[in-house]
Structure formats: structure tokens, C-alpha cells
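FYI, it's all coordinate maths here, none of it is from the lab. Treat the numbers as computed from the prediction; the structure is a model and nothing was measured. All Cβ positions, glycine included, derive from the backbone under ideal geometry; neighbour counts span all protein chains shown.
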Amino acid sequence: MNWLPSVFRRGKLYDDLSEEIRLHIEERVEQLMGQGMSREEAEREARRAFGSRTVLEERSREVWQWLSVESIGGDIRFAVRQLRRSPGFAIAAILTLALAIGANSVVFGVLNALFLRPLNVPHPQSLYTLERGGYKEQATSYPDYLDLRDRNRAFDALTGYILVPVGLDTGKNPSQVWGYEVTGNYFDALDIHPFLGRFFHEADEHGPNSAPYLVISYAYWHSQFQEDRTVVGRVVLVNKHPFTILGVAPPEFSGTLLFFFPDFWAPMVQQEQIQGLKVLDSRGDRDIFMVLGHVKPGMTPAQAIADLNSVGSYLEKSYPKTDAYMTYTLARPSLVGDMLGPAVKGFLTGMMLLAGLILLAACANLGSLFAARAADRSREVALRLALGATRKRVLRGVFTEALLISLAGGAWGLFGSIAVLGQLSGWYPVPQYPMHVPVYADAKVYAAALLLALVSGFLFGAVPVRQILRTNPYEVVKAGAAGILAGGGGRRVTLRDVLLVAQIAMCAVLVTSSLVAVRGLVRSMNSNFGFNPRNAMLASTSLRMAGYSDDTMPGMQRRMIEAVEKLPGVRSVGLVSQIPLGGGGATQDVFTDETEDLRTAKAAANVQVFQISPDYLRAAQTSLLAGRSFSWHDDINAPRVAVVNAFLARKIFGSVPNAVGRYFKLENGTRVQVAGVVEDGKYYQLTEDPRPAIFLPFLQSTPNQMCLVVRSDRDTEQLAAEVRSSLRDLDPSLPLTILTWVQGLNVALFPARVATVALGVLGTMGAMLSITGIFGMAAYSVSKRLRELGIRVALGAQRREVLEAALGRAVRLLSIGSIAGLVLGLLAAKVLASIVYQATPRDPLVLAGVVLAMALLGLVATWIPAQRALSVNPLALLREE
Amino acid sequence: MENSARDLFPGALEMMILQSLRRQPAHGYALVQHIQQRSNSLLQVEEGSLYPALQRLLKAKLVKAEWGVSSTNRRVRTYQITPAGLRHLEQQISSFERMFEGISLVLDPGKSTAS
């Protein structure tokens, strides 16, 4: 079709048409005058026969309009003019939508980044991680891994990795960096190719410590080596052992987790040098963090699971001492499978739902604004209808206005959400770990925002449709604006009322749940963790990284404790292998003294294990319930002893006092005597149920990592500097991280904090929307009933009665909505309890807070309309008419 | 009251315009007059329907238009049927006749199909 020239010809076409019609009328007039009419009469007659010339021309033009783009252009110009005439309305509407759509795009952006965007590896859809047993554990021992790798027939290749910190000395400043310790086939199994140099392969490994190679990440290469290409082949020191840099990973590859950004990859056969462990041949030490691989093409996950289970039952039969519950399931590796995936997904789905509700509330709000506006403009609409506009055309105008507002709101919302997502992406929630979540907006986020904008535009644009369709031009023109309202101001429950109640209820849900979350968070900060994080510093280091061996370590640790103890103002110093609630921890099986068969299936408990120095319990302020703590005499030459927590004491020995002096067995069969019993604590997560734990003297069981707990009342910053310098005096190459213990709890409090902030933001938005919603309704009802109120005042109504008449409805709706929302919110809080420790809805403060917040909200929203209703001047009003 | 051309079945107005233009080219005003006369004033063509119809025909290239001067010395835009318009008209007339015949049969089933 040659439509293009017709676009350019169009102007001429229209001119021709107007000219033609003008001439037609002229001819008709002349003819009528020929029949004896006067010129005036003839002209009137000719025009009457023609009808509305504008309509005619418009209809004739429509024939030519290509997809009626032009008439839409006309609609847009008209809508812009209308909106310009009421800028307050336009700005309020756009802002409301921008906030609501922005919130949605932010939540969607995070959801998109974590769940909709696959890992940046080739064929991510067939990549699975192995989970074992009912607890869906991912940890695997190296011998088990080798069996799984070689005996399975379902995977192209199985690879595994461990997250490890090392002291890396590139010749300048030795510092602690995090990386992956991987099986030799890692890069080949994932089909990743080097950006620079080469990667290591399975063939490079010839047993323990045979492959001292390092692959560094692009980011580390960029920041530490300024993209120096000669870095390939350079020898650097990892925990004081020489490693050769083989190559640089491509910039888009950052390991197989979505939120953890390693600086390097090293072969797992170097475990002794990197982790200071020799467990490559120990089937019971499940040291590999995750095993993953691509399921072969044509294999279903169910077939792969069946294949893995057959390997599992082989392992159970062959190694009954160490391998039990060897049934497998598959999960996605990006969020550590079922460890984080379902929780994060559940939380984000909930957030998405809330954000969606906020958007619906915003639409309800704008819908009632539009309806009010349509009622105010009913005269104009009626006039346009009377002058020959079709209802379709009027509706098109309304929808154009709605879509203009929603698109503008969507654009601003998207703009804001891109900024927020950018901030979130650059946020390292836990400073100790290279963890952050890149949640940059992509095409999917843009598309979602656009879709939401269009849908909400149609939603709130549709609210006044019925009103316009029912407009009877003659009635309106006859009776004036007041006339049509006579029918609509009755006591009926309208759609608008329902929308408003729903919106207020939702706001109350949000307010309730954010208050529950905040209270829970505050309470969990002040609750008993089994230690006291206030007024304590943590200094973590790894002597292994600094090149110490099992023989030299205990002496150095003792010197470190003594050096810090000498600092002024320090009350006590304790050493612990892993700080509780620090985001990690070791567990092992323990057995009753009578058990001979030391298989996992026969274990009395799986306990959290901490290696501690004599003063740790005092420094951490963990109370001793019975027996004694350790002393410096509990060393390698003394009988093996342990301190257990009350939970374990009750579990194995029946009661706390009963436990002291009794024996139990460790995983390797060592008999250990209980020296003391301490209170229960939180070890892994704030929301965990009480669980068993044991404390072993560090002189009898050397820890891999260590953290000094320094209790002091001094200013933390100054103390931190002194601790650092006193430890560096002992050994300048020690990699050190010094934090307050409260900062150290960041990992444990992270989910609760995120939930609280997110709920708080959404709650605030919900509250703002409710305020504008109630305000809109109250203001509208006051302005429409101003005359009636004036008459009432003139007839002697009291202030109370005037207020009752003006705002009664708004207040009633507010109360209904609040009560409904409170009940729903309390129900929702049960779900919250799994994220925020000690979140309980049965809290008078929360209940009072919700009621107060909603009342305050009502007061704010109705203040201005109430003032207006009270200040009504009957004389002035009556004069106006 | 006379019938308005708008009340006829869709396409009737276009058909009548094309038929009129087949006899001789004409401008809008003349077309109104012509149809009215030919139908003995039974059909009244509204200008409000005529011009959109003419635009449709123009767009479909069934007629073409030219500015010129009429026999009464007025500036007019004269419409002329195109070969495509002629073909279209023939089709329309034959299908209209078949339809008319069908309608007559339904309205007066006694009468045989003597055409």
C-alpha cells in the first residue's frame, strides 16, 4: 500500500473537503433564495440540513485516518489541555501512581534478579544442585563427591565448590579475600572459558597439593591489577604458600551463586594450604559446600534423582559408618537451593502481593478522583453530548486522560525504581562477606512497569464509565450540576465506598504487620541470645592464612589473648572458633557414652561445636548453670572435657545438674567428660528453636578460624585501633577484621531488618494512599453538600451535627476498614513470625499502635474538609445561587 | 416523510452514487439533487452521509475527484467513476438484484420466479 504519500497529502485532502462543503452550502443557499427565501432564512435552512459541519468533516476525515492515529493525537492534545486546567489533580494523581508503580517495579526488579534471571552460565536451565536427605543438606564429603561424580549416569559432569577466605599477598598489602575452592572440572563442567590466560582442568590435579593454581575474577583483576595482562603466570602467596595465577575469568561470570562474588577460584586439592584441613580422604567430613552439574539432555530431573539415589544406596551399603540418609533431590543452585530459595521466594511473593495491593489501592483512589471529576464535569459532558459528540468519543477522552496520567506516573515510578534498584545493587548488607545482589532493572522490569501503568490506567479510567454512559444531556442542562447529584447522594453503598474500605483495610494490614515486625526486631535486639553483644568487640583472623601450623597455633593464640588483655580498659578476652550467629558454624554428631556403633543414624544429637579459650564464657557473658568453665590446664595433656548447653544436658543426661561429670562421645569416638553446663543460646539463626551445642577447650581441639571477643566499656573505635596495632605487633601479616559484636550480628538480623524496612516502606505508602483516599472522599462530600450544610447551620445546627453530617460516612468507612485490616493483619503476622524473631501479634502495644495510627490517619485526612464544613457561611452560600 | 438514505442497507448509498456517476460526472450538490429527483423525492440524501461516503469511495479508488468549473460557472469538485468503480458497481448491482429477488420471494412466496 502506498499509504506514505497519503500521509503527506492528507492536509490537502482536508482543505479540499472543507472548501467543497463550503461551496455546497453556498450553492444550496443560492438555490433556496431562487425559491424566494431571504438570504438569512436560506442560510439557516442550508446549515440545518447539513447538521454539524464539524461532525461531518470529522466523520469524512475518519475515512482517511490511518489507524485513527490522528484522532488519538487530537484526544491527547485535548486531554493535556484538560489536565493543565487542574494541575493539582494531575500532579497528585501522577505522584500517587509513580509511588505505587515504583514500589511494584522495585519488588519485581528484585524478584526478577533472583528468580527470573538465570545464572550467567551456558544452559542454566539444566543446571541443578544436589540436596541430600530430609533436611536437604548440600554439604558433601570429597570421597562421596568422587563416587557421585564417577558412578552417576545422569549428569554431564558433577562439580563442587567451597566458599573460603584466604590471606592473599600479591606483593603489596596482604589482605583477606574470599574465593571458591573448586573441584578440578569446575570450569569445564560449567563450560566457562577464560577471558585471559587459561583455566585449570581435572588433568592438572595429581593428588593433594599438586595444583597450586589460581584463577582470578575479572573484578579482582580490574581492581587489584588494573587489568595488567602480564598477571598471567605471576606467583602470589595464598596463606603464605606460592600459587601461580593461570588466568582471568570472563567479566560476566561470578561463580554459581547469585549473591556471592568471589575474587578467585583455586583447586580443591590444595585444601591443606587453603583451609588448613586434610579431609580430602575423610568420608565423614562433609566439607564441600555444594555439588552441582548439568543434567544430561533428554534426562528428566526425576530420572536424574532416581540415578543419584541408586548411587546413594550404594554409598549407604558400602560406608554404613558415615553415610546415612543418602537420598537425593535436585534444586536450583543460584540461591543455595532450598536453603534460601523458598524463604526468599515466599518473602518476595508476599511483598509482590502487598505491592500489587498498594497499586490496586492507588487505582481505587484515582478511580474515585476520576468519578468525582466526571461528576464535576457532568455539565461539560452533557453539553458535548448535546452538541453531537458520541458517548464513545467522550469515554475515549476520559480514557486518554487516565492513560496519560498512568503513563506519566509509570515513567516516574520506573525512573525512581531504577535509582532504588541501583542503590540496592551497590549495597553490601554484610560487610564481612563479598555479598550483594545485583538487581539492576532490565527490559523485563521496563515491560512490567509499562504493563502495570496501562492496566492501572484502564482500571481507574473505567470507574466513571457508567456515570458517563448514564448522563442524560437534557436533564443536566436543564437542572444544573446540583440536579444530577440529587440522585447519587443517597445512602446506598456505592462501588467507591467498597473501594475505600478495601483500601483502608489494606493500609491497616500493612500498618499492623510493620508494627509487629518493628516490635519483633526491637525485642530480638534486646532478647537473650545466650551471650551479650553490647560492649564487646570482635577481632577475627585466621592463623592458617598467616601460615601457622597446628603446632605453632596454640602458642600464638595464647600470646594474642594476653596482648589484648593488657590493653587498658579491657575486662576480659575470650577466643572462639566461630562466633555464634555469625553466619557460619560447625556441627558434628555426638553419641551417648554407651553407644558402640558410631553411625549417624545412632547419634544422640547433631550439635553445634565451638572451640573456646578459658575466658570466652566470661567475655561473651554466657552464664554457667552448673560445673566449671575451662582453665589453661585443660590442654592436650589433660583429660578431654567439654561444656554443654542446657538443652543437650537435658537431652542426654536428663537434667542440668545430672550432666556434670558424666561422659559422652564425639564423632570420632573420643570420650569427653562434661565439665560444666551453660545456658542455651542462638547459634545459627535468630528464629531457630533451641538446639544442642558443645564447647570444647581450644587447647584440646585446634580451631581453624578464630575470633577474639574483647569485653570493655571503652569507646569502640579507639579500642579497635589499639587491638589492631597490638595484634599486628605480634605478626604484621595477620589478616584482621575488627567489628563490634552488634555489627557482627548483621548477618543474623539481616532478614528481619529487610522485612521490617520493606514493610515499613509499604506501610507508609499504604497510609499515604489511605489519607488521600479518605481526604478525597471527605472533601468531595463536603463540597457537594455545602448548600445543605449551610441551610442546616442557618436552621441552628450545632458544630457536632454539622460534622456528623459532613464526615459521618467517611469516619464510618474508616472504622470498618481499620477493624477488618487489623484482624487480617494479626493473621498475617503469623507468617511474619518465621522471618522476624519474636514477632507476635499478641502484643497490646501493637494493637494500641494500630488503633492510634489509624485514628491519626483519619484525623489528618478529614481535618481540612472538617474545617471547611465548620466554616460554612450560610449567607454567602445562599447569595451565590 | 421521505426516507433518509442512511436508513437503507449498508452500501446502498455508495451504489446509488456510483450509478449516478456512471451516467455522468457530477459534484456533491448535483449528486444530492440527482438522487432525489430520480427517486421521485422518495429518497433524501443527507449531506451528512454523502460526504463521508464520497471520501470512502475516493479512498477505495472507485471514484476520482477534480476541481473544475461547472456548466453554471461555479467552482466545483467533480467526481468521476473509475474503471475499478465500474467493476465494483456491476458486482454490487448483481448481488443487490439477487438479494432483492430473495426478499421478494420471502415477502410474496406465491409468485413464481419470473425474472
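Worth a mention:
- Taking the inverse of the mean reciprocal distance over all distinct Cα pairs, the Kirkwood hydrodynamic radius of segment A:253-409 comes to 22.7 Å.
- The Cα-based radius of gyration of segment B:48-109, divided by its Kirkwood radius, gives an Rg/Rh of 1.19.
- Ranked A:230, B:78, criterion: other C-beta atoms within 10 Å, fewest first: A:230, B:78
- Segment A:612-687: mean projected area of Cα convex hull, nm²: 5.6
- Inter-chain neighbour count for B:50-60: the average number of beta-carbon atoms from partner chains within 10 Å of each residue's beta-carbon is 5.
- Remark: mean inter-chain Cβ contacts per residue of A:203-213 equal 0, using a 10 Å Cβ-Cβ cutoff to other protein chain atoms.
- Using C-alpha pairs under 8 Å with a sequence gap of at least 6, the mean separation divided by the residue count of segment A:380-460 gives a relative contact order of 37 percent.
- Under the span-like rule (Cα at least 20 Å along the axis, Kyte-Doolittle mean at least -1.0), DSSP H helices of chain A: A:3-34, A:69-85, A:87-111, A:301-318, A:341-376, A:391-425, A:443-462, A:495-526, A:716-730, A:746-784, A:799-832, A:844-870
- Chain A - mean residue ellipticity at 222 nm from DSSP helices (-39,500 (n - 2.57) per run, n ≥ 4, rounded to 500): -17500 deg cm²/dmol
- Acute angle (nearest 10 degrees) that the helix B:83-107 long axis makes with the longest principal axis of chain B, alpha-carbon atoms: 30
- Peptides A:740-751, B:55-66 ranked from most to least packed by the mean count of surrounding Cβ atoms within 10 Å: A:740-751, B:55-66.
- Relative contact order computed over chain A (Cα-Cα under 8 Å; 6+ residues apart), in percent: 14
- Rg in Å to one decimal, and Dmax rounded to a whole Å, for segment A:32-124 via C-alpha atoms: 27.6, 90
- When peptides A:594-604, A:136-146, A:390-400 are ranked by their average number of other Cβ atoms within 10 Å per residue, the highest-first order is A:136-146, A:390-400, A:594-604.
- Taking the number of Cβ atoms within 10 Å of each Cβ as an exposure proxy, the fewest-first ranking of A:191, A:551, A:169 is A:551, A:191, A:169.
- Spatial offset of segment A:355-390 relative to segment A:141-195 amounts to 62 Å, using the alpha carbon center of each.
- Semi-axis lengths, Å, the protein assembly as shown, gyration tensor of Cα atoms, sqrt of 5 times eigenvalues: 80, 39, 25
- Centroid-to-centroid separation of segment A:597-660 and segment A:549-571 [C-alpha atoms, Å]: 23
- Contact order relative to length of segment A:297-358, as percent, for alpha carbon pairs under 8 angstrom and 6 or more apart: 23
- Panel order for A:260, A:610, B:96, by other beta carbons found within 10 Å of each beta carbon, from fewest to most: B:96, A:260, A:610.
- The listed peptides A:641-647, A:612-618, ordered by packing as a protection proxy, come out as A:641-647, A:612-618 (highest mean of other Cβ atoms within 10 Å first).
- Reach of residue A:278 by Cα under 29 Å, taken over lysines that are not fewer than 8 positions away in the same chain: A:136, A:240, A:317, A:321, A:602, A:665
- Note on A:512-520: average number of Cβ atoms from other chains within 10 Å of each residue's Cβ is 0.
- The ellipsoid equivalent to the alpha-carbon distribution of segment A:683-811 has semi-axes of 67, 19, 13 angstrom, derived from the gyration tensor eigenvalues as √(5λ) and listed largest first.
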